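So the structure is just underneath, and the comments pick up after that.
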Amino acid sequence: MLKLAEKYGDKPIAELPMLFQRILQNTIRDYYRRQKVRSSWITLFSGLQPKHDEEEFDPLDVLEDSENHTSPLAPDQSLQQSQMISLIEQAISKLPPRQREAFLLRYWEGLDTTETAAAMGCTEGSVKTHCSRAVQALAVSLKAKGVELP
């Protein structure tokens, strides 16, 4: 509505419904494109191995792009990537609800510990515990399916 008012306020009223429809469609497409890109990072998620010695381990700290994974993939690599995403999504769906919620808010949505705690209605310590347990459970689940993590 704001885009319509800001950029097309001078257009005739008869054109506004079609313009609004087009703006809405483009906004929805942009949202899903961003979701697709956001979820593709999970395949590069090298920190899923359990760390027992670090309480506040953040897997995103070890995420690197040293091999230029942002360039387009070959077809076989693309297939492997989509299969890996499917395995990870299945593993995430099997997590307990609170662990899944904490994991998705922290690593999928990119919220920090404070924002996640506010969204979940719990303490930051609980968020850290849920995330740590989720990462450990995901590592075990993926390893059981033959996924070797670095």
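I'd like to know if region 85-107 contains one or more residues that are open to solvent by 40 Å² or more (accessible area, probe 1.4 Å), part of a helix (DSSP H, G or I) and either of a type in the set (Val, Ile, Thr) or in contact with a Pro (Cβ under 9 Å, 6 or more places away or on another chain) (or both). So far as region 85-107 goes, no, none of its residues is open to solvent by 40 Å² or more (accessible area, probe 1.4 Å), part of a helix (DSSP H, G or I) and either of a type in the set (Val, Ile, Thr) or in contact with a Pro (Cβ under 9 Å, 6 or more places away or on another chain) (or both).
Would region 2-11 turn up any residue that is at pLDDT below 80 and of a type outside the set (D, E, K, R)? Checked against the condition, which is being at pLDDT below 80 and of a type outside the set (D, E, K, R), region 2-11 yields at least one hit.
Is it fair to say Ser126 is modelled with pLDDT of 90 or more, in a helix (DSSP H, G or I) and at negative phi? I'd like the intermediate steps shown before the answer.
Numbers: modelled with pLDDT of 90 or more: yes; in a helix (DSSP H, G or I): yes; at negative phi: yes.
For Ser126, the condition - modelled with pLDDT of 90 or more, in a helix (DSSP H, G or I) and at negative phi - is met.
Answer with yes or no whether Cys131 is open to solvent by less than 50 Å² (accessible area, probe 1.4 Å), at pLDDT 80 or above and assigned to a loop (DSSP other than H, G, I, E, B). It is false that Cys131 is open to solvent by less than 50 Å² (accessible area, probe 1.4 Å), at pLDDT 80 or above and assigned to a loop (DSSP other than H, G, I, E, B).
If Thr113 passes every condition in (1) open to solvent by 50 Å² or more (accessible area, probe 1.4 Å); (2) more than 14 Å from the chain's Cα centre (by Cα); (3) closer than 16 Å to Val135 by Cα but one, which one does it miss? Failed condition: (1).
For the structure I just gave you, tell me whether Glu148 is over 17 Å from the mean Cα position of the chain (by Cα), at pLDDT 90 or above and not basic (Lys, Arg).
Details: over 17 Å from the mean Cα position of the chain (by Cα): yes; at pLDDT 90 or above: no; not basic (Lys, Arg): yes.
No, not satisfied.
What residue, of Leu48, Leu79, is aliphatic (A, V, I, L, M), modelled with pLDDT under 85 and open to solvent by 90 Å² or more (accessible area, probe 1.4 Å)? If you could, list the steps in order and put the result at the bottom.
Working: Leu48 fails: open to solvent by 90 Å² or more (accessible area, probe 1.4 Å).
Going through Leu48, Leu79 in turn, just one is aliphatic (A, V, I, L, M), modelled with pLDDT under 85 and open to solvent by 90 Å² or more (accessible area, probe 1.4 Å): Leu79.
Listed by first and then second residue, the pairs linking a residue in region 1-26 that is among the β-branched types (Val, Ile, Thr) to a residue that is surrounded by 10 or more Cβ atoms within 10 Å (Cβ to Cβ), with Cβ atoms under 8 Å apart and 6 or more places separating them unless they lie on different chains, are Ile23/Lys3; Ile23/Leu4.
The values are calculated or read from the model by the stated rules, or taken from the named source; none is laboratory data. A quick note: this is a predicted structure, and the numbers were derived from the prediction, not measured. Here Cβ is always computed from backbone atoms with ideal geometry, including for glycine, and neighbour counts include all displayed protein chains. Accessible surface is based on the protein model in full, side chains and every heavy atom, while ligands, DNA and RNA are left aside. Shrake-Rupley method; radii C 1.70, N 1.55, O 1.52, S 1.80 Å.
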